[in-house]
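The values are calculated or read from the model by the stated rules, or taken from the named source; none is laboratory data. Owing to the predicted nature of the structure, the values given are computational and were not obtained by experimental measurement. Quick note on the areas: whole protein, heavy atoms, side chains included, nothing else; ligands and nucleic acids left out. Shrake-Rupley method; radii C 1.70, N 1.55, O 1.52, S 1.80 Å.
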Amino acid sequence: MPRLLLYAVAGGLVGFLFLGEFGLSAFVPLMILLALLAVGILISAVRGNASFSQWASFLFAAMIVPLMIDSRTVGLPRCGDVAAGVACFAGSRDYQTPFVLELVILIVAAAAVAVQARRITSPQPSV
């Protein structure tokens, strides 16, 4: 359990510093790699391999801050699409794809954590 919390704290720090402050969550190839890692962790959890279970908590914690940052802009329309005086997004970068990837990573990592928690708390059959 302490190891799981250590991975979650480290994930939160990585999410805050690298993905949030340095803006690496806007780097789509990195987010695709993290999504593939999350899917691999989920497959590993479903198969009963507990060696990757800590990484699921790492990814879950790492996605919280970037999601909070991007949730402010994801619903805004582009400034060219609305009248003057309406809140809009003036940047030229794609801001919806990273948000969707962050959301997918968070959901898949949460599913992996849930599978691992279910496996840990379920009674083991006696032989």
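Things worth noting here:
- Accessible area (Å², per residue) of region 19-100, counting only protein heavy atoms and a probe of 1.4 Å: 57
- Kirkwood hydrodynamic radius of the chain, Cα pairs, Å: 15.8
- In region 68-121, the convex hull through the Cα atoms has an average projected area of 4.6 nm², a quarter of its surface area.
- Dividing the mean sequence gap of close Cα pairs (under 8 Å, 6+ apart) by how many residues the chain holds gives a relative contact order of 34 percent.
- Region 38-98: mean projected area of Cα convex hull, nm²: 5.3
- Accessible area of the chain belonging to carbon and sulfur atoms, whole % at 1.4 Å probe: 72
- Mean Kyte hydropathy of 0.0 or more with a Cα span along the axis of at least 24 Å, helices from DSSP in the chain: 28-47, 53-70, 96-121
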